[in-house]
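Enquirer: Just dropping this structure here.
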Amino acid sequence: MFTSFYSTSRPARLFTAILPLVALLSFNAVAQEQAEPENASSPLAKVRNTDLKARFVDIDGDDLDDYALEGALMINPKLKFRYELRYWETDATGQQRSGLDSARAKGIYFPGEGSWNDMPYRLAVGLEAKVHFDNQDRGIGQDAHTLIPFAGVAVTVRPGTIVIPLVQHESEIDGVDVSVTSLRLLAIQKLPNRYWLKLDAIASADWENDNDLPASAELQFGRQFTPAFGVYAEALTGIGGYKSYDWGFGLGLRFNY
């Protein structure tokens, strides 16, 4: 079965994987209109959502297919919970292997929000826990469990345009040594007819790998067809040495509730 599946092209495999999900959209066609939510592509948005994502990337000539379930819940107006589960398929070991990569849980606290020079802002601090499954022999994940404290602010620099600088540091709590400090800058632009555009740029200092400076940039273009359902496409590129990937693309389905 898997041999037949991998004999097809990546787009064909993606279509096969998401076809049952697309069939579910008919149940959203008669959803009642409601107030348009904040864009869930912002990590600091106060939303409840679930995303189903597929990314296909190249790492030094090796293929990696990354399937993810991501979502968020608002515990109360000050506290947000995010979750993530990732499943990989890769030929990094010389043969096609698959397995769970990681599970993540993130708590985000909003200590305050207001307006500065007529620009609304929202402050956030949080902590993420990342657990990797024992699949390193398949070329999947890393042999470490880590904690990632972070802080950031979302600023609406003009109506429809949000800029979010974030800083975070990842370190191991079990497994191989990990010490990575990252600066992340997101910009989300609202477009007509419920379209949006997002740029997500990350630059890191990897203190355990000769102070290497890997970086990446991701461009996301999407549309919210109804307040409850949207889709998006992504283009990915890695920058510098010891990067997570060279290039890639992705597709996602979003469900707000």
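Enquirer: Please compute the modelled spin-label separation between Thr181 and Ser115, points set 7 Å along Cα→Cβ, answer in nm with one decimal.
Expert: If labels sit at Ser115 and Thr181, their model points lie 3.6 nm apart.
Enquirer: Please report Rg over Rh for region 46-256, where both radii come from the alpha carbon positions and Rh follows the Kirkwood definition. Spell out each step's value before the answer.
Expert: Values: Rg = 17.6 Å, Rh = 18.4 Å.
Over the Cα atoms of region 46-256, Rg/Rh equals 0.96.
Enquirer: Then there is this: Enumerate the amide H contacts of Phe229 below 5 Å, restricted to partners 5 or more residues apart or on another chain; note that Pro and chain-start residues carry no placed amide H.
Expert: Counting only residues 5 or more places away or on other chains, the set is Asn256.
Enquirer: What are the ³J(HN,Hα) values, in whole Hz, obtained from phi via the Karplus relation 6.51 cos²θ - 1.76 cosθ + 1.60 with θ = phi - 60°, for each residue of region 126-131 in sequence order, with x given for Gly and Pro?
Expert: x, 9, 10, 10, 10, 10
Enquirer: Taking the Cα centre of each part, how many Å lie between region 169-205 and region 82-129?
Expert: Each part's Cα centre sits 8 Å from the other's.
Enquirer: First compute the accessible area of region 46-256 with a 1.4 Å probe, then give the percent of it belonging to carbon and sulfur atoms. Provide the component values of the computation, followed by the final result.
Expert: On the way: 6030 of 10250 Å².
Ligands and nucleic acids excluded, carbon and sulfur reach 59 percent.
The values are calculated or read from the model by the stated rules, or taken from the named source; none is laboratory data. Values in this document were obtained by computation on a predicted structure and should not be read as measured data. As a convention, Cβ positions derive from the backbone with ideal geometry for all residues, glycine included, and neighbour counts pool all protein chains shown. These accessible areas exclude ligands, DNA and RNA; they are computed on the full protein's heavy atoms, side chains included. Shrake-Rupley method; radii C 1.70, N 1.55, O 1.52, S 1.80 Å.
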